[in-house]
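The structure under discussion appears below in the form of structure tokens.
Where a number appears in this text, it was derived from the coordinates with a stated rule and is not lab data. Keep in mind that what you see is a predicted model, and the values were worked out from it rather than measured. In this analysis, Cβ positions are derived from the backbone assuming ideal geometry, glycine residues included, and neighbour counts consider all displayed protein chains.
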Amino acid sequence: MTVAEKKHRIIEPDSLIGKRIPKMDAPDKASGRTRYIHDIDLPGQLHGKILRSARIHALIKSIDTSAAKALPGVHVVITAADIPDQRPIGVAKDHFPLKVGRVRSERDEIAAVAAESEEIAEAALKLIKVEYEDLPVIGNPEDSIKPDAVLIHPEPHGADGTHLHLKQGTSIAHRGKADNVAMRFDYAHGDVVQGEAESDAVVEDTFKLHYVTHCCMGVSGMIAEFDAAGNVQMYSNTQVPFLHKREFAEYLNIDPARIRIIQPPIGGGFGSKLDIYPFEVICLYLARAAKRPVKMLFTREEEFLASPTRQPVLLTLRSGCKKDGTLTFRTVHTLHDNGAYTSWGATTPFVMMQTFSSLYRVPHCDYHTAAVYTNNPYAGSFRGYGNLQATFAIEQHMDMLAAKIGMDPLEFRMKNAQDAGEVTGQGMSFKSCGFKECITTAASRSDFARKFAENQANQKKPGNIKRGIGMASMLHVGGGAKIYPSDGCGTILKMDDFANVTLITGASEIGQGSETVLSQLVCEELGLPISAITVVNNDTAITPWDVGVHASRTTFIAGNSAIGAAKKAKGKILAVAAKKFDCTEADLDLRGGFVIRAASGEALVELSKLLRNLHFQEKAELVMTTFYYEPPSVHQDKGFKGDVSAAYAWGNQVVEIEVDTDTGFIRLLKVTGAHDVGRVLNRLGIEGQIEGGVVMGQGYAFTEDLMIEDGKMKNPNFRDYKLVTAPEIPEMDIAFIESMDGEGPQGAKGVGEAPSICMAAAAANAIANATGTRMFELPFTPEKVYRALHGQTPKRYWKPWKAE
Amino acid sequence: MSLKHEIEFTLNGVKRKLAVDVTMNALDMLREVVGLTGTKYGCGEGECGACTIQVDGVSLNSCLMFAVDCAGRNVTTVEGLTDQPRGEALRESFVEHGAVQCGFCTPGMMMQADHLLAKHEHPDAACVKRGLEGNLCRCTGYKKIVDAVVACGGRDSVTPAQAGVQK
């Protein structure tokens with residue numbers, strides 16, 4: 001290209017938004033080059049292993065580690081007695097990493113070894129002798145609230161005299177708890193008594209939601225090392241590095257400034273890496289004691305046993321409506337099986353109550369949860385965060401109420417669906433809301449109305465194969481969630497002499513594609529191709545603060561932060577260019593790697609050249625900017641009211657199934673989804689999120705069941721814990737409703753959790769449509785379906801119970 | 001600690017001579033002795049497919065194979081796969097179709113898909129789904145993986161540029 005051609009070159013407008021942009025990390029991942037934590041080894045590294053409890057609930061009478069310590073190749077063996085400064089971890093601080101005096105669940109950590117190899121560490125574990133005295137096991141939350149139930153955290157803790165070296169403190173781990181109620185949540189708006197009085201139809205049912213777990217393909221792991229000055233470097237799988245920096249500092253009793261967390265790419269997250277788990281703290285203790293790097297990796301069995309689960313819930317819902325289809329009230333009581341310790345699962349009511357109070361217009365709502373201790377595994381956060389459970393109940397009642405007043409389920413939903421501009425009883429303010437369009441789109445694309453009527457008519461006809469269609473809707477936060485003091489994310493952006501951008505973001509990449517979408521947003525502002533950007537997002541010593549990957553917040557929050565930094569860079573560049581070309585900044589734009597005239601698209605100067613001119617002049621300057629984005633959401637008040645997210649995501653999914661009434665086997669044929677995502681940024685990425693979420697929801701509804709009997713996990717392996725496989729996936733037809741959120745980055749809203757929420761509820765409605773039988777308990781395995789269809793499932797009723 | 005045995009085999013086109021523990025599986029040999037970490041541990045009992053490799057052109061779970069049984073065989077891992085035209089095409093197809101999210105299952109998926117394409121040049125979606133049944137993925141919902149493999153099989157032949165990569 002000659003100089004003259006360059007000068008008059010017109011650059012046509014182009015946009016990266018909505019395109020199918022391949023993930024930037026995909027080529028390495030598809031070549032086996034990506035180094036996950038499992039693939040990293042440090043010089044001098046030891047291998048850590050944990051001895052877990054051989055009992056479900058017992059006092060630890062003695063631990064003898066002498067033989068393990070004597071084994072050649074063993075560097076360190078620790079128990080609670082070796083760590084006098086242990087501090088309790090977890091959401092309720094009811095959990096010592098190494099158990100003190102007592103074990104409360106199968107996963108409980110008793111001792112840990114750091115050795116030259118994994119084999120030696122495992123051999124050492126076998127040499128540790130533990131004496132137990134068994135205690136009664138609570139394997140069921142309903143037993144946990146009985147007056148004579150054994151206490152899981154008796155007070156004062158360790159009154160049995162086995163709590164050696166326990167320091168004073170006020171946490172549950174130190175002081176115990178006088179009952180088995182770990183947490184409770186009570187919310188209300190309106191007056192449900194009035195609501196019930198105004199109702200023409202009322203339904204009440206108990207729903208039971210089971211245990212499932214994340215099954216990240218990459219097992220949990222960590223590498224910890226201390227330098228000579230006592231600084232800690234951790235290679236960690238965490239989704240929330242900045243929160244954990246502070247927490248780990250507390251557990252190690254050191255200044256948070258001494259902790260650096262490096263995040264290698266992770267083999268799946270889905271919420272599982274949102275809390276600190278005992279193994280991480282234990283790995284740090286081992287590294288501190290051994291003065292060597294220590295790497296700890298789970299086996300798959302350990303991953304099942306010692307990872308968090310989705311929150312199992314027992315839920316009784318009472319709902320009402322008027323003859324004209326107007327919803328009147330909802331009363332909700334849930335019993336959360338907290339397991340032996342408290343993690344994020346106990347706090348799922350934050351999300352559940354939003355669905356009850358605000359998915360549809362409900363004038364009167366009363367919500368109560370008690371999360372109670374048992375000797376079962378403890379539940380953490382898992383994609384959807386309680387919303388799958390809440391939606392399972394609500395959306396079945398939507399169909400049941402509609403049937404009771406003789407209204408079409410689609411019309412019933414439309415009548416009560418939220419619109420833009422509404423502020424709900426819980427204080428959520430819906431600025432962009434494509435909810436009704438989601439419902440009508442999913443319904444029309446699936447031909448819902450016709451099939452629903454046809455299937456219903458076929459229920460009583462002969463033949464064992466019945467078709468069913470069912471729908472469910474969902475509401476989820478789509479603009480972050482203000483749970484911590486800040487819901488923000490920081491960005492540092494720098495441009496080099498060749499117009500390449502380094503985007504340094506606080507947002508973690510957990511496989512969801514955040515680095516690609518953030519790059520798109522930055523390159524869109526700066527008129528550059530994706531190839532011009534490098535993302536740094538994995539080192540707390542470099543990246544600015546971010547609250548973490550949760551609440552479907554990364555695209556929205558980190559996206560706005562990245563755009564903010566890019567706009568500042570653009571402003572600086574255009575100011576320089578305006579001076580050079582003797583015009584205003586508004587006359588100019590950035591496009592295709594050039595500074596152009598905004599009106600004509602005429603290329604004025606290559607951006608790289610302009611940047612070099614700026615740099616290599618007398619008053620030398622670089623383009624480097626920073627931005628911190630804090631969403632305009634608010635903290636909820638003590639009654640859980642307030643506009644907690646800057647935007648809300650909506651969706652509706654229609655599920656079509658075929659039931660074999662002779663075997664109870666269900667084939668999932670098709671899922672038609674319509675999701676209000678604000679705007680599609682990366683079409684390839686968002687399709688992947690939705691498809692993956694739908695199939696995860698399918699697993700929750702049909703195949704996955706983590707079987708726990710009296711605290712004992714029966715199926716900690718992929719043979720007996722059945723994930724959905726490729727041949728079982730449904731046909732998927734996904735529509736995106738673009739409501740163009742005013743606050744969202746380029747109009748987008750969060751979507752990470754949304755697609756898995758509706759599946760189980762829609763499947764239940766489809767079973768009812770196919771067979772006339774309602775199923776209130778998950779999962780819909782052939783055995784459960786067969787029993788339900790053949791009248792062998794007694795109707796469960798859990799009497800609403802409220803903790804005093 | 002345990003008894004070592006010396007084996008010779010071909011790994012990704014290169015002849016190797018190694019001493020391995022007789023109890024060691026092929027997965028640990030590849031990762032810990034050879035140092036090729038593209039092959040992943042997902043479950044260690046043949047249920048997830050993350051450790052899929054090819055031995056004499058047949059895909060199998062390396063966690064279930066003794067390392068010593070590699071003796072005299074021709075072993076291919078993901079690192080060697082993408083040096084071959086079909087492997088290169090598969091990688092491009094996986095990237096282009098969004099078949100990669102966290103990426104942990106991807107190497108095993110690619111090894112299995114390559115084996116499938118060796119047997120069925122132009123598989124349809126149903127054939128690919130059956131072929132990948134033993135490989136678990138928690139992120140993608142499989143659809144884009146199936147799309148990637150079908151599209152790759154749909155290619156009439158590899159391009160000259162891809163063929164040039166071949167050693």
Running Debye on region B:81-161 with equal point scatterers at the Cα sites and no solvent, what base-10 log of I(q)/I(0) appears at q = 0.15, 0.19 Å⁻¹? -0.43, -0.70
Rounded to whole Å, give me the distance from the Cα center of region A:649-678 to that of region A:713-772. 8
Relative contact order of chain B (C-alpha contacts under 8 Å, at least 6 apart) in percent is 23
Taking A:287-295, A:777-785 and ranking on average Cβ neighbours within 10 Å, highest first, one gets A:287-295, A:777-785
Mind computing the radius of gyration and Dmax over the alpha-carbon atoms of chain B? Å is fine for both. 15.8, 52
Take the alpha-carbon centre of region A:523-543, take the same for region A:10-46, and report the distance between them in whole Å. 12
Using Cα-Cα distances under 8 Å and only pairs 6 or more residues apart, what relative contact order does chain A have, in percent? 16
When the Kirkwood hydrodynamic radius is evaluated over all pairs of different C-alpha atoms of region A:612-756, what value in angstrom, to one decimal, is obtained? 19.4
Starting from 0.36 nm per residue, how many nanometres of slack lie between A:LYS722 and A:LYS799 once their C-alpha separation is accounted for? 24.5 nm
Just round it to a whole percent: the fraction of Cα-Cα distances in chain A exceeding 48 Å. 24
Pairwise label distance in nanometres, A:ILE465 with A:GLU204, each label 7 Å out on the Cα-Cβ vector: 4.2
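What's the magnitude of the charge dipole for region A:200-293 around its Cα centre, counting Lys and Arg as +1 and Asp and Glu as -1 at the beta-carbon? Answer in Debye, nearest 20.
660
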Going by the alpha-carbon gyration tensor, a ≥ b ≥ c the square roots of its eigenvalues, is region A:289-402 rounded (a/c under 1.5) or, if a/c is not under 1.5, prolate (a/b greater than b/c) versus oblate? prolate
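Take peptide B:46-52, look around each residue's Cβ out to 10 angstrom, count Cβ atoms belonging to other protein chains, and average those counts.
3
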Can you grab the distance from the C-alpha centre of region A:295-354 to the C-alpha centre of region A:84-154, Å, no decimals? 24
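Give me the Kirkwood hydrodynamic radius of region A:755-804 in Å, from all C-alpha pairs, to one decimal place?
Over region A:755-804, the inverse of the mean reciprocal pair distance is 12.3 Å.
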Share, in percent, of DSSP beta bridges within region A:653-804 that are antiparallel, nearest 5: 60
Averaged across orientations, what area in nm² does the convex hull of the alpha carbons in region A:393-441 project? 3.9
Per residue of region B:79-96, what does 6.51 cos²θ - 1.76 cosθ + 1.60 with θ = phi - 60° give for ³J(HN,Hα)? Whole Hz please, x for Gly and Pro, Karplus curve as stated. 5, x, 4, 6, 7, 9, x, 5, x, 4, 5, 5, 4, 4, 5, 4, 5, 5
In whole Hz and in residue order, list the ³J(HN,Hα) couplings for region A:67-81 that follow from phi through the Karplus curve 6.51 cos²θ - 1.76 cosθ + 1.60, θ = phi - 60°; x for Gly and Pro. 5, 5, 5, 7, 5, x, x, 8, 9, 9, 10, 10, 10, 4, 5
Dividing the alpha-carbon radius of gyration of region A:515-606 by 2.2 N^0.38 Å (N being the number of residues), what value is obtained? 1.25
Label-point gap, in nm, between B:GLU6 and A:GLU116 - each point 7 angstrom along Cα→Cβ: 2.3
In peptide B:129-139, how many Cβ atoms from other protein chains are near each Cβ within 10 Å, on average? 6
FRET efficiency estimate (nearest 0.05) - Cβ-Cβ, A:LYS69 to B:ALA71, R0 60 angstrom: 0.95
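Counting only DSSP beta bridges with both residues in region B:1-117, tell me the antiparallel percent, nearest 5.
90
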What FRET efficiency comes out for A:ASP710 versus A:GLU621 if R0 is 60 angstrom and r is the Cβ-Cβ distance? Round to the nearest 0.05. 0.30
Using the alpha-carbon atoms, what tilt in degrees (0 to 90, nearest 10) does helix B:143-154 show relative to the longest principal axis of chain B? 80
Given R₀ = 41 Å, FRET efficiency for B:LYS15-A:ALA257 by Cβ-Cβ distance, to 0.05? 0.20
On each of the three principal axes the extent of the alpha-carbon atoms of region B:4-78, given in whole Å and largest first, is 29, 24, 18
Could you work out the Rg to Rh ratio of region A:1-71, with Rh taken as the Kirkwood radius (inverse of the mean 1/r over all Cα pairs)? 1.44
Those GluC sites (Glu not before Pro) from region A:399-468 that are DSSP loop and have at most 15 other Cβ neighbours within 10 Å turn out to be A:GLU422
Subset of A:LYS482/A:LYS572; A:LYS641/B:LYS144; A:LYS146/A:LYS208; A:LYS19/B:LYS143; A:LYS245/A:LYS749 violating a 30 Å alpha-carbon distance limit: A:LYS482/A:LYS572; A:LYS641/B:LYS144
For chain A, which DSSP H helices look membrane-span-like by this rule: Cα extent along the axis of 30 Å or more and mean Kyte-Doolittle of at least -0.5? A:559-580
What Kirkwood hydrodynamic radius do you get for region A:25-135 when you take the inverse of the mean 1/r over all pairs of distinct Cα atoms, in Å? 15.7
Please give the length that would be gained between A:ASP419 and A:MET740 if that part of the chain were fully extended, namely 0.36 nm times their separation in residues minus their C-alpha to C-alpha distance (nm, one decimal). 114.1 nm
Considering only region A:218-306, what is the antiparallel percent among its DSSP beta bridges, to the nearest 5? 70
Loop-located trypsin sites (Lys or Arg not before Pro) in region A:402-458 whose Cβ has at most 11 other Cβ within 10 Å (DSSP): none
Which of the three applies to region A:218-306, rounded, prolate or oblate, going by the alpha-carbon gyration tensor with a ≥ b ≥ c and a/c under 1.5 meaning rounded? prolate
